[in-house]
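The values are calculated or read from the model by the stated rules, or taken from the named source; none is laboratory data. Just so it is clear, the structure is predicted and the values come from calculations on it, not from any experiment. Methodologically, a virtual Cβ is constructed for each residue, glycine included, from the backbone with ideal geometry; neighbour enumeration extends over all protein chains shown.
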Amino acid sequence: MEELLRLARQLRPTALDDHGLYSAIESQVKRFSAQTGIDAQLHLEGNADHLDADREIAVFRIAQEALANVARHADAKRVAVELQPVGEHGMELAVRDDGRGFLTAGAGSGLGLNGMAERARLVGGELDIVSVPEGGTAVRLRVP
Ligand SMILES: Nc1ncnc2c1ncn2[C@@H]1O[C@H](COP(=O)(O)OP(=O)(O)OP(=O)(O)O)[C@@H](O)[C@H]1O
Ligand SMILES: [Mg+2]
């Protein structure tokens, strides 16, 4: 049990402890823009005070992987990241890029997309990816 707790703490990004989810995502988006030159817009509604630790980590890690995919694969000019509280415990995240898109049907084997879906499932959430070749990609997470 102690070992598990130690592992869980290691997996929790320190940025979340320091300033909370919104501020951690804000830093992440700024760093993303600075490193890639892609114009990133951030829309934050309300706050994340009602979110428990597991949901917080899931939202943060999914945003991180979605942005990593934009940087590596999308060839995008712009990306928009949105966070919006839903219900008593929940949060919605959207990461949309205007890049090259891909065929989601054939992309099931990547660790990133599967990992995002698994993280969403573990906190009772849903991950929805809509991508159109040459028409950009939208990753949406809804955690109730
Ligand atoms: N935003 C995006 N724009 C264009 N293509 C994407 C985007 N996100 C994912 N893809 C495509 O889907 C594939 C699978 O993505 P996934 O994150 O699962 O794997 P990966 O990024 O290739 O590797 P990793 O396991 O390190 O994440 C990518 O290789 C890429 O072809
Ligand atoms: Mg990836």
**Prompt:** Which one is farthest from D49 (Cα to Cα), of the residues in segment 68-91 that are of a type outside the set (A, V, I, L, M) and either modelled with pLDDT under 95 or surrounded by 18 or more Cβ atoms within 10 Å (Cβ to Cβ) (or both)?
**Reply:** N69
**Request:** Kindly check whether there is at least one residue in segment 116-133 that is within 21 Å of R12 (Cα to Cα), exposed (fewer than 14 other Cβ atoms within 10 Å of the Cβ), modelled with pLDDT under 95 and of a type outside the set (K, R).
**Result:** yes
**Item:** Answer residue from segment 92-111, given it is of a type in the set (A, V, I, L, M, F, W, C) and within 12 Å of the chain's Cα centre (by Cα) and is nearest to D52 (Cα to Cα) among those
**Value:** L93
**Prompt:** Residues of segment 66-94 being of a type in the set (A, V, I, L, M), near ligand 1 (Cβ under 8 Å from one of its atoms) and not in a loop (DSSP other than H, G, I, E, B), which ones?
**Reply:** A66, A68, V70, A74
**Asked** How many residues are among the hydrophobic types (A, V, I, L, M, F, W, C) and within 16 Å of ligand 2 (Cβ to nearest atom) when one looks only at segment 35-57?
**Response** 1
**Request:** State yes or no: is V59 farther than 25 Å from H89 by Cα and either assigned to a helix (DSSP H, G or I) or small (G, A, S) (or both)?
**Result:** no
**Request:** Give the residue that is modelled with the lowest pLDDT, with candidates limited to residues of segment 95-111 that are surrounded by 12 or more Cβ atoms within 10 Å (Cβ to Cβ) and not in a loop (DSSP other than H, G, I, E, B).
**Result:** T104
**Message:** So for segment 112-132 (the condition being assigned to a helix (DSSP H, G or I), hydrophobic (A, V, I, L, M, F, W, C) and over 15 Å from the mean Cα position of the chain (by Cα)), does at least one residue qualify?
**Reply:** no
